[in-house]
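The next block holds one structure in the form of structure tokens; read it before the comments.
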Amino acid sequence: MLFSEPRQAEGSWVSSPSRLAITLPYYYETRFSMFRILKQSLRTGVVTEAAPSHNDAELERLGIEVRRHIDARFGGSLAIRQVDAGSCNGCELEIHALNNPFYDVERFGIHFVASPRHADVLLVTGPVSRHMETALRRTWRATPSPKFVIAAGSCACDGGEIGVSYASCGTIENVIPVDVKIPGCPPSPVDLLKGLLGALEIDR
Amino acid sequence: MSRFDWLSEYLARLEDDHLIARHGDNRALAPAHRLELDAEDWGPAGRIAAAMGLRHAGVWADPLGPGPMESDTEIEGPAIRVQACLEQGGDYLILQTLVSQARPVLGSHTPAYPGVDRLERHAQDLTGVRFLRHPDERRWTRHQAWSADDYPLRADFPIEGRSAGRTPADVDYPFTRIQGSGVYEIPVGPVHAGIIEPGHFRFQAAGEDVLRLEERLGYVHRGIEKIAVGRDPQGLIRLAGRVSGDSTVAYAWAAAQAMERAAGCAPPPRATSLRALLAERERIANHLGDIGAICNDVGFAFAHVQCARLREQWQRRSAALFGHRLMMDTLVPGGVAYGLSETGFRELRLDHAALHKTIEPLFDVIDDHPSLDDRLIGTGILAQADARALGCTGYVGKASGLDFDVRRDSPYAPYDQVRVEVPEETAGDVAARVRVRMKEVRASLWMLDRLLDALPEGEIAVPFPRPEEGAMGLGLIEGWRGEILCFVRFAEEGRIARYFPRDPSWFTWPALERLIHGNIVPDFPVCNKSVNGSYAGVDL
């Protein structure tokens, strides 16, 4: 009903000559775009970068205690449920960037999941808007223990430009317990990666 | 052709209906023309505008606080000024009227303009202006954080609110339901299964087909309009840059433009060129990300990875040259915060050439790939009539045959000096929206080089003079999503008394409800992504 004419269903190779005339260009077209894709992919090569250094002061600050805690309980793999509790969507853009080929966080065993019930970690952004307050609490309750909460972004860490008001509860800490804070407006993917890697302590 | 050739006809039609329209001071909200109406004429004036085919660009209410602001009014006690913006052919008209805060009642524009439905309900929830004959009496922005008889934007409402306890979920919002054999309901959100903003979607479906989609937003209402009050110009630009983070440059520019018009301040030519440079960079970054994401939603990972890579490189250059990956806080009142060095200039040139070279084969694949065509062509069709009725701008309007673009049709510096190519498609489906966005990437890239060619020398900022008390300004900027409107009024000592930004998504969210109709539930993500409304931008 919605689709354009079903081109794949146009017929098989062994159809009548007139059918073949319709099918052939389609076949070559497909082959041709496949070549174009391969060409583009090969020309691009691998852009993924080495993980940022673990030894800098920022990771120290994130706390060796938290790291040990996670290592013991999550066995080197981390499932993250991201929750926007009232952000301006700037943080979401940078969290998205973690999945781009430059950062490619899945190689560290970090992946984003679709349900809090599958998650080890809640990665929460934004000040908590009052309209999201109950939704955030419920998401937190739906996450199985042991769990921990990362507050990402200035608003999440200290209220940022928004703060506390009739519409906003302010920091994440005002609503649910927070284990790690990653400040920045928004934090860059490297900041996020450092925070996450620091939490996980991946030995390479 | 002389500008504004429709205004005299509009005035004549108002007169035919015995509506009294007084001309306001046209300098106050330039480039818009201003008409002052009696409150009882508000609804009919909207109906007449709709009959003439004018586009409604939004409505907002401005509680003027205690004390009569206008000497020639008969209103006693605090008043609320309501303003609406109409547009045709690039000419803007502001209708305004005053109502008393004690009995703030106006005729609704929604029966004639379905696109302003939620804007009127937003104004009602935040200022208490009641719109009579509005077809939908439900709350919109208000959930449970304040009560039905409280209005946060009024001066007597404390910024910290009146309830200190936990805010319950808004569970008893009365969604429209469809009854019938085999009809079922799918509630989605507010916490979505991805890295997305929160909002609630209520589908009524039969089998795979969507019979009805109803959106319920307001979850990220952060009280932007309230916390803007009392800020200084610099503080407002910082806040404006965080209304919708993906449009930070466009919002900051709209706020800066409104404040500069209110203060009679002209930013230097180099500053406006650099602002345009930043805004076009923002457009390209977002289009690249979304084109990839749309392809990803139909399982074409190749384009997603390629676009994400290009976007990342683009953002890194922004960070290196303008101090921020999303270019936040790059604008200041009166100019821009970052200049462009000789090296930066050369790097941009090389970047533009490199991106141009990469996107051609990539867009070639996206434009003409059988598996993409099968999923995107004919999916999520927004009819031109619907787009026009709702007042859609940006790529949503352009893909449905409405080629309005503020940069071309009501040009602001520096777009009055550079040719703006506005792509137009007529199919109105997801594929058309993708094609428009690919064309916009190309056009912006071309424009970036023209801006560099003609980059004026000189200052990048001028001192921002303190605006008079009561000074108002209107900002109109073509953001990457479409036309952003921004209203600013100043209080004493150059402080902000009212800030209202109107995101283009106010009109494209209802378009999504229409274009999903008859599509299958699994195609919702790609339809949604192709429209990509801002949640934060409309929840405020």
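The stretch between B:S181 and B:R450 holds 90.8 nm of extra length on full extension. This uses 0.36 nm per residue minus the Cα-Cα distance. Amide H contacts of A:C185 (H built 1.01 Å from N, in plane; Pro and chain starts excluded): A:S154 sit under 5 Å, all sequence-distant by 5 or more or on other chains.
Averaged over peptide A:130-142, the number of partner chain Cβ atoms lying within 10 Å of each residue's Cβ comes to 6. If you take the square roots of the eigenvalues of the alpha-carbon gyration tensor of the protein assembly as shown and sort them as a ≥ b ≥ c, do you get rounded (a/c under 1.5), prolate (a/b over b/c) or oblate? Rounded, since a/c falls under 1.5. Express in whole angstrom the spacing between the alpha-carbon centres of segment B:356-398 and segment A:111-173. Rounded to whole Å, the Cα centres lie 35 Å apart. FRET efficiency for the pair B:R419 and B:E360, taken as 1/(1 + (r/R0)^6) with r the Cβ-Cβ distance and R0 = 22 Å, rounds to 0.60.
For segment B:381-540, what is the convex hull volume of its Cα atoms per residue in Å³? Before the final figure, lay out the partial values.
Numbers: hull volume 20.4 nm³, N = 160.
Dividing the Cα hull volume of segment B:381-540 by its residues yields 128 Å³.
For segment B:184-193, backbone phi angles converted through the Karplus equation (6.51, -1.76, 1.60; θ = phi - 60°) give residue-by-residue couplings of 10, 10, 10, x, 10, x, x, 7, 8, 7 Hz, Gly and Pro being listed as x. Note every residue of segment B:140-177 with a reduction of at least 50 square angstrom in accessible area, all protein chains present versus the isolated chain, computed with a 1.4 Å probe, or write none. Residues shielded by partner chains are B:R166, B:T167. What the phi angles of segment B:415-432 give under the Karplus curve with 6.51, -1.76 and 1.60, with θ = phi - 60°, is a coupling list of 6, 6, 10, 10, 6, 9, 8, 10, x, 9, 10, 10, 5, x, 9, 4, 4, 5 Hz, glycine and proline written as x. D by Stokes-Einstein for chain B, Kirkwood Rh over Cα pairs, 20 °C, 1.002 mPa s: 89 µm²/s. Please state, as a whole number in µm²/s, the translational diffusion coefficient that the Stokes-Einstein equation yields for segment B:107-231 at 37 °C and 0.692 mPa s, with Rh defined as the Kirkwood radius across alpha carbon pairs. It diffuses with D of about 198 µm²/s by this estimate.
Look at where the Cα atoms of segment B:265-286 and of segment B:124-185 average out, and the two centres are 38 Å apart.
A cut-off of 5 Å between modelled amide H atoms, ignoring neighbours fewer than 5 places along the same chain, links B:A471 with B:F490. Buried on complex formation within segment B:206-231 (loss of at least 40 square angstrom of accessible surface versus the isolated chain, 1.4 Å probe, ligands and nucleic acids ignored): B:Y219, B:H221, B:R222, B:I227.
Our coupling estimate for segment B:289-305, obtained by passing each phi through the Karplus curve with A = 6.51, B = -1.76, C = 1.60 and θ = phi - 60°, is x, 6, 4, x, 5, 5, 4, 5, 5, 10, x, 9, 5, 3, 5, 4, 5 Hz, Gly and Pro reported as x. Ratio of Rg to Rh for segment B:158-255: 1.11 [Cα atoms; Kirkwood radius as inverse mean 1/r over pairs]. The amide H of B:G107, built 1.01 Å from its N in the peptide plane, has B:W42, B:G43, B:L132 as neighbours under 5 Å, considering only residues 5 or more places off or on other chains.
A helix-only calculation puts the protein assembly as shown at -12000 deg cm²/dmol for mean residue ellipticity at 222 nm, using -39500 (n - 2.57) for each DSSP H run of at least four residues, averaged over all residues. For segment B:364-413, a reduction of at least 40 Å² in accessible area between the chain on its own and the assembled protein chains (probe 1.4 Å) is found at B:V365, B:D368, B:P370, B:D374.
Mean projected area of the convex hull spanned by the Cα atoms of segment A:94-139, taken over all viewing directions: 3.9 nm². Taking a probe of 1.4 angstrom, what is the accessible area of A:I182 in Å², to the nearest 10? Its heavy atoms expose roughly 10 Å² to the probe. Only Lys, Arg, Asp and Glu carry charge here, each on its Cβ (+1 for the first two, -1 for the last two); on that basis the protein assembly as shown has a dipole of about 1440 debye about its Cα centre. The overall shape of segment B:232-517, judged from the alpha-carbon gyration tensor, is oblate: a/c is not under 1.5, and a/b is no greater than b/c. The reciprocal of the average 1/r between distinct C-alpha atoms defines the Kirkwood hydrodynamic radius, which for segment B:7-132 equals 14.7 Å.
Would you mind working out the accessible area per residue for the protein assembly as shown, using a 1.4 Å probe, and quoting it in Å²?
Working: 28010 Å² over 744 residues.
Heavy-atom SASA per residue in the protein assembly as shown reads 38 Å².
Lysine pairs in the protein assembly as shown with Cα distance under 28 Å, only those 8 or more apart or on different chains: how many are there? The number of close lysine pairs in the protein assembly as shown is 13.
Using a Förster distance of 51 Å, how high is the FRET efficiency between A:S41 and B:V462, based on the Cβ-Cβ distance and rounded to 0.05? Don't skip to the end; give the middle numbers.
On the way: r = 49 Å, r/R0 = 0.96.
Efficiency, rounded to the nearest 0.05: 0.55.
Quick one: Cα centre-to-centre distance for segment B:404-482 and segment B:240-256, in angstrom? Going from one Cα centre to the other spans 14 Å.
Of all the accessible heavy-atom surface of the protein assembly as shown, with the other protein chains kept in place and a 1.4 Å probe, what percent is carbon and sulfur? On the protein assembly as shown, the fraction of accessible area on carbon and sulfur atoms equals 52 percent.
Using a 1.4 Å probe on protein heavy atoms only, how many Å² of accessible area do B and A hide from each other, summed over both chains and rounded to 100? The contact between A and B buries close to 5600 Å².
Please report the equivalent ellipsoid semi-axes of segment B:111-151, computed as sqrt(5 x eigenvalue) of the Cα gyration tensor, largest first, in whole Å.
Numbers: eigenvalues 70, 18, 13 Å².
The answer is 19, 9, 8 Å, longest axis first.
In segment A:57-200, inverting the average of 1/r over every pair of distinct C-alpha atoms gives 14.9 Å as the Kirkwood radius.
For a test of the definition: using alpha carbon positions, the gyration tensor, and the 1.5 limit on a/c, classify segment B:296-435 as rounded, prolate or oblate. Could the numbers behind the result be given before it?
On the way: a/c = 2.32, a/b = 1.32, b/c = 1.76.
Judged from the Cα gyration tensor, segment B:296-435 comes out oblate (a/c at least 1.5, b/c at or above a/b).
For segment B:94-173, taking the reciprocal of the average inverse distance between every pair of different Cα atoms yields a Kirkwood hydrodynamic radius of 13.8 Å.
The values are calculated or read from the model by the stated rules, or taken from the named source; none is laboratory data. The model shown is predicted, which means the values in this text are computed figures rather than measured ones. Neighbour counts are summed over all protein chains in view; Cβ atoms, including those assigned to glycine, are modelled from backbone coordinates with ideal geometry. Ligands, DNA and RNA are excluded from the accessible area calculation, which covers all protein heavy atoms including side chains. Shrake-Rupley method; radii C 1.70, N 1.55, O 1.52, S 1.80 Å.
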